[in-house]
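Remarks on the structure that follows.
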Amino acid sequence: MKRQLIAIALAAASASAILASCQRSTPEDATAAAPTATPAPTATPAPASETPKAAPTDLEQLAQRLVTQSAAVKEGEIVYITGRAQDAELLENIAVDVRKLGAWPIIEYGSDRLSKRLFFDVPAQYDAQADKIGAELAKIVDVSINLANNTTQDLFEGADPKRTAARGKANEPVVQAFLKNNVRNVEVGNDLYPTPWRAERYGMAEGALASTFWNGVNIDYSELQARGDQVKAALAAGNEVHITNANGTDLKVRVQGRPVLVSDGIISADDIKQGGAAVSVFLPAGEVYTTPVPGTAEGKVVQTRTFFRGKQVDNLTLTFAGGKATAMTGSGPGYADLKAEYDAVEDARKDLFGFVDLGINPKVTLPANSTVGTWVPAGAVTVGTGVNTWAGGDNSVPYGLTMYLPGSTVMLDGKAIVEKGVLKL
């Protein structure tokens, strides 16, 4: 999900795709999660190239925390668990902990190979089919736990943009059914899952990224609650957000009266009572986000560097007027493909400014000179267009652009709450 920039809610031909994209999406993560398989009770060995390094040492403890602390699973509930075969041990541990509580697990294994074949080997005539399995699962599943751990960045290189758009459009109602039915959602990945290509992208050794990721996931998230509540209170009391960056970003947007949500790693009783987007967490956790007052976004957003299906995109720039993107420019080998994907979505809702997201986790860090950002480091700033139901908005278009803005300054009604990438609250 999520991405260096584009969020494609590809939503595809199976239930796991729906769950992977029902909240938000990121570049390669969202795309790769889309076309997976129908539920299967067992896994096949993962190819060596898909085996992550430096996995957490205590998978039993991690599974228990995901089930009891993050997802708040209760007796009698149905829990849908999805991920790649290389994480079979963790997936199975989660299933056992679910059953220990008297709840019922369903495990779906997938792989990058299967995802690719389910897209390219399935005839285009079926792209408009809505996912019947996903529609039925939306009625019975209480909790979804998804390991967003695709290991290939260019999995859908050469995919026809019109086909991806058609799949997203067909499954939009199913995606929203999970939200409407208050299915609790825990995503483990958050555009930080350790892979060689992602480590290179962030300017880190793979082992360092793995340690950052797993230490960030396998912590007690209760410590993030106080920080999240503080930032949430500030945004909820504010009116205008002004985001600037040395790369040319200069955007103003009003947030007065908009719901403010926190991903602190725990789905609390209050979150469950609120329902909808409030019952989702993204791990590693540490984000506070809100949606705009419609029609108020004005200015320019520049993402210094991002990637689309493994190809670099430089200085992706969106100009906003009256709350919607009116122009897009960029350069680099991936820009033409990104623009083609964007243009293939024939829905004006894709242009609407979608959300403002602030990172609050001090334990997840990227190198200071990294030009490619991500969601959760304290002081991180992320904005996006299109789909924002995951953030409490009402735009369910199955597409969006996510733009990470490391090193930004955020003024809230004239007071700095983030200053050059440092959280001030």
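Bear in mind that the values in this text are calculations on the coordinates, not laboratory data. All of these numbers come straight from a predicted model, not from anything done at the bench. Quick reminder, even Gly has a Cβ in these numbers, built from the backbone with ideal geometry, and neighbours come from all protein chains shown.
Working from label points 7 Å from Cα in the Cα-to-Cβ sense, the E200 to N215 distance is 2.5 nm.
In debye, nearest 20, what is the charge dipole magnitude of region 197-298 about its Cα centre with +1 on Lys and Arg Cβ and -1 on Asp and Glu Cβ, if you could check? Please list the in-between numbers first.
Working: 8 positive and 12 negative charges, 49 e Å.
It comes to approximately 240 debye.
This ranking places F355, F120 by how few other beta-carbon atoms lie within 10 Å of each, fewest first, which gives F120, F355. Here the chain carries DSSP beta bridges of which approximately 70% are antiparallel, counting only pairs with both residues inside.
Each helix, a run of at least 4 DSSP H residues, gives -39500 (n - 2.57); summed and divided by the residues of the chain, these come to -8500 deg cm²/dmol at 222 nm. For region 150-294, a Kirkwood hydrodynamic radius built from all Cα pairs, placed in the Stokes-Einstein relation at 20 °C and 1.002 mPa s, yields a translational diffusion coefficient of 119 µm²/s. Each label was represented as a point 7 Å from its Cα along the Cα-to-Cβ direction; for D314 and A348 these points are 3.6 nm apart.
Each peptide among 227-235, 96-104 gets the average number of other Cβ atoms lying within 10 Å of its residues, and from highest to lowest they stand as 227-235, 96-104.
Normalised by the number of residues in the chain, the average gap of Cα pairs under 8 Å and 6 or more apart makes the relative contact order 18 percent. For the chain, the Kirkwood radius over C-alpha pairs fed into Stokes-Einstein at 20 °C and 1.002 mPa s yields D = 103 µm² per second. Per the Debye calculation on region 241-377 with a single equal scatterer at every Cα and no solvent contribution, log₁₀ I(q)/I(0) for q = 0.09, 0.10, 0.20 Å⁻¹ amounts to -0.33, -0.40, -1.36.
Fully extending the segment from D413 to E75 would add 117.1 nm, taking 0.36 nm per residue of separation and subtracting the current Cα-Cα distance. In this model, which of K180/K339; K252/K339; K116/K350; K100/K273; K162/K339; K100/K363 are farther than 20 Å apart at the alpha-carbon? Exceeds cut-off: K180/K339; K252/K339; K116/K350; K100/K273; K100/K363.
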